[in-house]
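The values are calculated or read from the model by the stated rules, or taken from the named source; none is laboratory data. This structure is a prediction, so every number in the text was calculated from the model and none was measured. Every residue, glycine as well, gets a Cβ built from its backbone with ideal geometry; the counts of neighbours run over all protein chains shown. Just the protein is used for accessible areas: all its heavy atoms, side chains included, with ligands, DNA and RNA removed. Shrake-Rupley method; radii C 1.70, N 1.55, O 1.52, S 1.80 Å.
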Amino acid sequence: MRIAIIGAGLNGLACAIMLKRFGLECTVFERGQGPRDSGTGIYVWPQAMQVLRFVLKNRDFLGRGQPIEFLDTHDKQGRLIHSQPVRPEGLGIPAPAMMFLRTELFRLLAASLEAQDIRYGMGCERLEDLGDQVRVTFGNGQVADFDLVIGADGVSSTVRSFVDPGMVPYDTGLVASRGVVAFRSPLLHSDRCQIFTSTHSRVVTYPLNEATSLRYWFAAYQHRNQPLLDRAGLLELFAALPEELLRMIGATEEKEILTHKLKALTGEGHWFRGRVVMLGDSIHAMLPTLGYGLTLGLENGFMLAQALVGHCDNSLESALKRYELRAAQRSRDMLKVMRDMTDLYYFEREGEVSKARLTPIVQRFHHLAQSTVF
């Protein structure tokens with residue numbers, strides 16, 4: 001089987017390695033001219049750490065990230081509202097959650113593939129259904145036929161426009177700024193994500209490397225169709241939060257702060273058409289409310305690989321249908337949890353973020369954690 005993966009992001013690279021581990025050959029096609037060597041931090045839940053353990057073969061990668069054991073929510077004065085263990089008792093999760101520099105995780109995954117497995121400067125422009133194959137036209141004019149095309153090309157996916165043209169990203173009404181900075185404070189701990197809530201907004205920070213004091217942060221708020229805030233605007237918006245957070249944002253160089261409006265997808269609609277199938281943000285882009293986006297994409301990739309190697313029918317459609325049945329409902333359930341959490345943080349009245357409101361949402365999240373691919 002000749003397989004093309006569109007998009008050399010984290011999910012695209014991981015999917016390629018999974019397929020190869022299962023004995024399937026594939027090539028990754030990327031629009032960019034080289035590896036994605038920029039970005040900030042990326043959070044990986046224990047469920048995805050187990051997928052990465054399979055993908056990367058050994059445990060060496062554990063030394064390249066920072067373990068996270070708790071997600072703590074604070075009010076604007078810094079007082080603790082709710083503390084959520086990442087590995088709650090009773091679930092038997094045999095892996096930590098970890099925070100990585102995004103570039104570090106890219107390098108780890110790319111190093112597990114051969115140079116010829118990734119083709120740069122080849123963005124997918126058009127797909128054609130040939131019945132028993134799919135024809136891909138690339139931006140550089142090249143044309144190639146494949147037995148299967150996997151769309152891992154993110155929220156602006158070209159593949160999705162072929163599979164389900166009516167499925168388009170929606171504006172969530174939120175914008176996020178992200179940064180990485182060397183910063184240390186007694187308020188900020190080395191084993192947890194800390195969320196500081198404000199009016200219809202919040203600042204979230206994770207440790208990236210305790211030894212070097214490297215820390216990732218993102219600040220999200222309603223944009224109300226107004227100009228996006230620069231660093232000075234963020235400091236003004238979050239002036240009521242603890243001084244340490246303001247110093248952390250202020251210590252980040254303006255040019256190193258990434259800001260953009262947040263778009264999302266519902267996960268509804270079709271996940272495949274003919275011999276074209278989607279995974280990750282291309283089909284269910286979610287807000288980073290609990291940082292589950294990459295984890296869900298890695299789960300998708302593992303389910304897809306299982307479906308492809310396990311089907312015994314002559315038709316590939318049965319394998320893709322099985323994948324859709326397994327992955328789509330789980331993704332939609334997870335998206336619903338994230339939307340409810342997002343509404344609580346960003347769209348309800350000030351003061352609604354409380355232990356009583358957070359606990360049932362977190363319990364639903366933990367219930368879903370019982371049914372992952374590992």
For Ala319, state whether it is closer than 29 Å to Gly173 by Cβ and either surrounded by 15 or more Cβ atoms within 10 Å (Cβ to Cβ) or free of Cβ contacts under 8 Å to residues at least 24 places away in the same chain (or both).
no
Anything in region 125-143 that is of a type in the set (Asp, Glu) and either in contact with an Asp or Glu (Cβ under 7 Å, 6 or more places away or on another chain) or within 15 Å of Phe272 (Cα to Cα) (or both)? List them, or say none.
Glu128, Asp129, Asp132
Residues of region 151-203 being under 28 Å from Phe238 (Cα atoms), in contact with a helix residue (DSSP H, G or I) (Cβ under 9 Å, 6 or more places away or on another chain) and of a type in the set (Gly, Ala, Ser), in sequence order, are Gly173, Ser177, Gly179, Ser185, Ser198, Ser201
Go through region 260-289 and report how many residues are out of contact with any strand residue (DSSP E or B) (no Cβ under 6 Å at 6 or more places or on another chain), on the phi > 0 side of the Ramachandran plot and open to solvent by 20 Å² or more (accessible area, probe 1.4 Å).
1
List pairs: first in region 132-156 and of a type in the set (Ser, Thr, Tyr), second in a strand (DSSP E or B), Cβ under 6 Å, 6+ apart or cross-chain?
Thr137/Glu125; Thr137/Arg126; Thr137/Val143
Anything in region 5-25 that is open to solvent by 10 Å² or more (accessible area, probe 1.4 Å) and more than 17 Å from the chain's Cα centre (by Cα)? List them, or say none.
Lys20, Arg21, Phe22, Gly23, Leu24, Glu25
Does region 52-65 contain at least one residue that is surrounded by fewer than 17 Cβ atoms within 10 Å (Cβ to Cβ), aliphatic (A, V, I, L, M), touching a residue at least 12 places away in the same chain (Cβ under 8 Å) and within 25 Å of Ser371 (Cβ to Cβ)?
yes
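Would you mind finding the one in Ala48, Ala95 that is in a helix (DSSP H, G or I), surrounded by 18 or more Cβ atoms within 10 Å (Cβ to Cβ) and of a type in the set (Gly, Ala, Ser)?
The unique qualifying residue is Ala48.
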Going through (1) more than 21 Å from the chain's Cα centre (by Cα); (2) without any contact (Cβ under 8 Å) to a residue 24 or more places away in the chain one by one, Ser161 fails only at (1)
